[in-house]
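Have a look at the structure below, then the notes.
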Amino acid sequence: MNPALICLHEDALRITHPIFKFAPTGTKAIYVWDDEYLRRANYSLKRLVFLYETLCDLPVDVVRGATRTVVMAMTPAMLYVPATNNPSLLSLFAGISPATPLTFVDDDIFAVMEKTSEARRFFQYWSKVERSAFLHNGGALA
Amino acid sequence: MQLLPKNFDNRESLTDFVAALAPWAAGGPSHIQGGRQSAEKMLARVDPVAYGRTRNFGDGKITGLSPYIHHGILSLNEVRNHALSRCGEPVQITKFLQELAWRDFWQRLLSAHPEWAWDDIEPYKTGFSASDYAGVLPADIADGKTGVACIDAFIKELIQTGYVHNHARMYLASYVVHFRRVKWQAGAQWFLHHLLDGDLASNNFSWQWVASTFSHKPYLFNLENVSKYFGRQVDASPQNNQPLHASYETLQEQLFPNLSRSL
């Protein structure tokens, strides 16, 4: 079994994402160019070109194949994935997790909610985050 | 499993390579380039104070950052921190921060309610039920050949660049759902196909907001509004935009006759 692996996806394509500090130092990072996933998403060519240009800027391997197949072939002891709310991505990674331990890593926060109850309209939400939104790092490190 | 190349002689060869990888993908590349370097150049140009004053205008100081934020190339935190460093007093950039906050809000909602991405969150408040709306986007809209000059101009921009000013997106969504009575889901799918920043939460919840399935009333616009905000960018003449050339009261009666009758 290999050491840990970071698998980036289309919602988290930057080297300063917290996942690179969260995973053990030196953890290999990949992006899987998953034809079937992208075809199902029905992206236009301009979206795919923008995505590929972004990948070329990143110091990660771009591997073509089915996400589950690629990850399983690398047999990582632990898989780190940037947290996402994209149901299609979640379902991709759900297919991996029974066999490989998987940890989702949250991005930096924008703002801290002062109350945890759900805000259904924007201005309910804004009233709960306004103070934090005006602070550097959302006040998270203050 | 195949390791893909990351070095290309030029953008054209990269585009050809991607087109060969995805022969099913339609269209050509946008002039907007991906990557962290492009994102940093765009971020450096942001004027968050002017943004607050001018963002609703077609030639306003908008940022163009959304494709980079959507892909996580820039984080909301990083953009906020940069904006704070570019203003005298944080209160000067309230509108800018609120626009970042809208994205955070939509993301939180989708995380809490993934089923809301494609379901009507609330009933339409237009006097019609969901079954009164067409499920498929008409071809003239998809092709930008509606005959309504400003709408066709915005669609052309969507198809060619994958980026449309937020205010124009609201016009397009309102035109699709209310003027043509098409389900918001069909419009949302169309946008996700084209937009470089096409994001399930921001896109779909914004369509629902316009449609009134996630707001108190439908979002409407008329030609006078287009002329005020985009008169320098598109043909906003009455003769070439007839369906939009009316007062809000008239449009309300034309588009939502059941509401008028129930008053």
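Laid out as a table, the results:
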{"read-out": "Strands (runs of 3 or more DSSP E) completely within region A:1-80 that count 1 or more residues being over 30 Å from B:D16 (Cβ atoms) and not acidic (D, E)", "value": "A:5-8"}
{"read-out": "Test result for B:K61, within 18 Å of the chain's Cα centre (by Cα) and not assigned by TED's automatic domain parsing to the domain that holds B:E157", "value": "yes"}
{"read-out": "Some residue of region B:102-112 being more than 7 Å from every other protein chain (Cβ to nearest Cβ) and farther than 23 Å from B:A188 by Cα", "value": "no"}
{"read-out": "Considering residues of region B:1-24 that are over 16 Å from A:Y43 (Cα atoms) and polar (S, T, N, Q) only, the residue nearest to the other protein chains (Cβ to nearest Cβ)", "value": "B:Q2"}
{"read-out": "Residues located in region B:47-72, provided they are open to solvent by 10 Å² or more (accessible area, probe 1.4 Å) and of a type in the set (A, V, I, L, M)", "value": "B:V49, B:I62, B:I69"}
{"read-out": "Top-ranked residue of region A:98-138 - restricted to ones that are more than 11 Å from chain B (Cβ to nearest Cβ) and open to solvent by less than 50 Å² (accessible area, probe 1.4 Å), ranked as modelled with the lowest pLDDT", "value": "A:T100"}
{"read-out": "Yes/no for A:V32 being in contact (Cβ under 8 Å) with a residue 12 or more places away in the chain and either under 15 Å from the mean Cα position of the chain (by Cα) or open to solvent by 40 Å² or more (accessible area, probe 1.4 Å) (or both)", "value": "yes"}
{"read-out": "Selection within region B:109-131 - in a helix (DSSP H, G or I) and open to solvent by 20 Å² or more (accessible area, probe 1.4 Å)", "value": "B:S111, B:A112, B:P114, B:E115, B:W116, B:A130, B:S131"}
{"read-out": "Residue check for B:W106: surrounded by fewer than 21 Cβ atoms within 10 Å (Cβ to Cβ), outside the structural domain of B:R181 (by TED's automatic domain parsing), part of a helix (DSSP H, G or I) and in contact (Cβ under 8 Å) with a residue 24 or more places away in the chain", "value": "no"}
{"read-out": "Residue that is nearest to B:H70 (Cα to Cα) [pool: residues in region A:47-83 that are among the hydroxyl-bearing types (S, T, Y) and facing another protein chain (nearest Cβ under 9 Å)]", "value": "A:T54"}
{"read-out": "Condition check for B:R53: more than 25 Å from B:L200 (Cα to Cα) and either in contact (Cβ under 8 Å) with a residue 60 or more places away in the chain or more than 12 Å from chain A (Cβ to nearest Cβ) (or both)", "value": "yes"}
{"read-out": "Number of positions in region B:201-217 that are part of a loop (DSSP other than H, G, I, E, B) and open to solvent by less than 20 Å² (accessible area, probe 1.4 Å)", "value": "4"}
{"read-out": "Filtered residue count, region B:73-101, keeping only those that are at the interface with chain A (Cβ under 7 Å from one of its Cβ atoms), closer than 28 Å to A:E53 by Cα and either of a type in the set (S, T, N, Q) or surrounded by fewer than 17 Cβ atoms within 10 Å (Cβ to Cβ) (or both)", "value": "3"}
{"read-out": "Looking only at region B:231-263, and only at residues there that are in contact with a helix residue (DSSP H, G or I) (Cβ under 6 Å, 6 or more places away or on another chain) and not in a helix (DSSP H, G or I), the one that is least open to solvent (accessible area, probe 1.4 Å)", "value": "B:N241"}
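The values are calculated or read from the model by the stated rules, or taken from the named source; none is laboratory data. This one's a predicted model, so the numbers in the text were calculated from it and none came from an experiment. Virtual Cβ from ideal backbone geometry, glycine too; neighbours counted across all protein chains shown. Ligands, DNA and RNA are excluded from the accessible area calculation, which covers all protein heavy atoms including side chains. Shrake-Rupley method; radii C 1.70, N 1.55, O 1.52, S 1.80 Å.
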